[in-house]
1. Can you run down the residue pairs with Cβ atoms below 7 Å, 6 or more apart or on separate chains, where the first is in the stretch 259-275 and at positive phi and the partner is modelled with pLDDT of 95 or more and not in a strand (DSSP E or B)?
2. For the stretch 249-258, give me the residue count where each residue is free of Cβ contacts under 8 Å to residues at least 40 places away in the same chain and not in a loop (DSSP other than H, G, I, E, B).
3. Of the residues TYR55, TYR71, TYR37, which single one is touching a helix residue (DSSP H, G or I) at 6+ places or on another chain (Cβ under 9 Å), modelled with pLDDT of 95 or more and within 15 Å of ligand 1 (Cβ to nearest atom)?
4. What are the residue pairs meeting all of these: first residue in the stretch 120-147, first residue closer than 23 Å to ALA5 by Cβ and modelled with pLDDT of 95 or more, second residue in a helix (DSSP H, G or I) and within 11 Å of ligand 2 (Cβ to nearest atom), Cβ atoms under 6 Å, and 6 or more apart or on different chains?
5. List the helices (runs of 4 or more DSSP H) that sit entirely inside the stretch 133-197 and contain at least 3 residues that are surrounded by fewer than 17 Cβ atoms within 10 Å (Cβ to Cβ).
6. Out of the residues in the stretch 5-28 that are assigned to a helix (DSSP H, G or I) and within 16 Å of GLY64 (Cα to Cα), state the one that is farthest from ligand 1 (Cβ to nearest atom).
7. Give the stretch 83-142 a look and list any residue that's more than 19 Å from GLY301 (Cα to Cα), touching an Asp or Glu at 6+ places or on another chain (Cβ under 9 Å) and aromatic (Phe, Trp, Tyr), or say none.
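The values are calculated or read from the model by the stated rules, or taken from the named source; none is laboratory data. Please read these numbers as outputs of a predicted model, since none were measured by experiment. As a convention, Cβ positions derive from the backbone with ideal geometry for all residues, glycine included, and neighbour counts pool all protein chains shown.
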Amino acid sequence: MLDIAALSELLKQPKKIVITTHHKPDGDAIGSSLGLYNCLIQLGHHATVITPTDYPVFFDWLPGNGSVIIYTEKPAESDRLIAEADLIFCLDFNALSRINEVGDRVGESKALKVMIDHHLDPQDFDDFRYWNINASATAQLVYELVTRELNLPRLINKDVATCLYTGIMTDSGSFRFPTTTASVHRIVADLIDAGAVNWRIHELVYNSATENRLRFLGHCLADKLEVFAEYNTALITVTRAELEKYHITTGDTEGIVNYALSITGIRLAAFIVERPDRVKLSLRSTGEFPANEICKKYFHGGGHRNAAGGHSDDSLTEVVAKFKSILPEYKTLLIQ
Ligand code: 5GP
Ligand code: MN
């Protein structure tokens, strides 16, 4: 086990560092990873961000994006970097199973592992942990670790601020989820002072839809939305054929589940999609309803209370039937 003083000491000499994050990185996964990357390179480290899979194109403008290695595109180079690393930072995930084959390589590596995360129930694979489930985003934790624990506020330059702002913005639902405390707003204000251009980041991330994506959203809302009023639940289901018809790529389905949640009285919203490899579920809930419990218990997943996900190797029809069959079990909580 490392402590903060030992980590701080280690970072004083140039090291070989790998930063990795979860499967299908979202804004917080890639924003926190590149935020940390842009800090570490200022200290003279040889740092590389390795993602298990690709991520949405609307993050490809992030400072440092050009240096990211996608594992599935360069497995040999990734394996070498992971095996040779002195230090591996594991960001925005809590179990090696969340990073596919990268998890096996990280598990085998002799490198010291640092987990920075805000998910429930972390697995024990790390040597140092900076973890807080109340954090709005892993990007917030990177900011706090660098400025407060490592005492290196000078590292928060425009590039770092831009990446961390993106992480906090996306994971806090644009500063509206309950995790968005006054202290989060103060951090975000610091990031704007440090050069993050807030309005431009919003534009780059949220006003970047293709025409297809918008038509797909229209199709989901008009034709694919089911509301189960007696359970305060709404569901959108998408087949593989529909993904193909609308040329849907990574990131295009992001956020669609929130439309289902926006109906008055809806406490649980689900988006179930037949991806080429397996069926993926995204659940969102309001208040105390534990969306993560359903994902963990029935769909090999987990997440936060109000935003969780899971997957299944069963057919789309079977998964949808299973989801519907679970609702009576949660009826009391859903109608509260
Ligand atoms: P999303 O619905 O956006 O894919 O995921 C929402 C949240 O659920 C993520 O931040 C992550 O914490 C969690 N999550 C999504 N998919 C999985 C999964 O397959 N396994 C686990 N453990 N968590 C997941
Ligand atoms: Mn996150």
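1. GLY265/ASN232
2. Qualifying residue count for the region: 2.
3. It is TYR55.
4. Note: pairs meeting the criteria are TYR130/LEU141; ALA135/LEU141; THR138/ASP28; THR138/SER32; GLN140/ILE168; VAL142/SER32.
5. Result: 182-193.
6. For the stretch 5-28, the residue satisfying everything is GLY27.
7. Correct list: PHE128, TYR130, TRP131.
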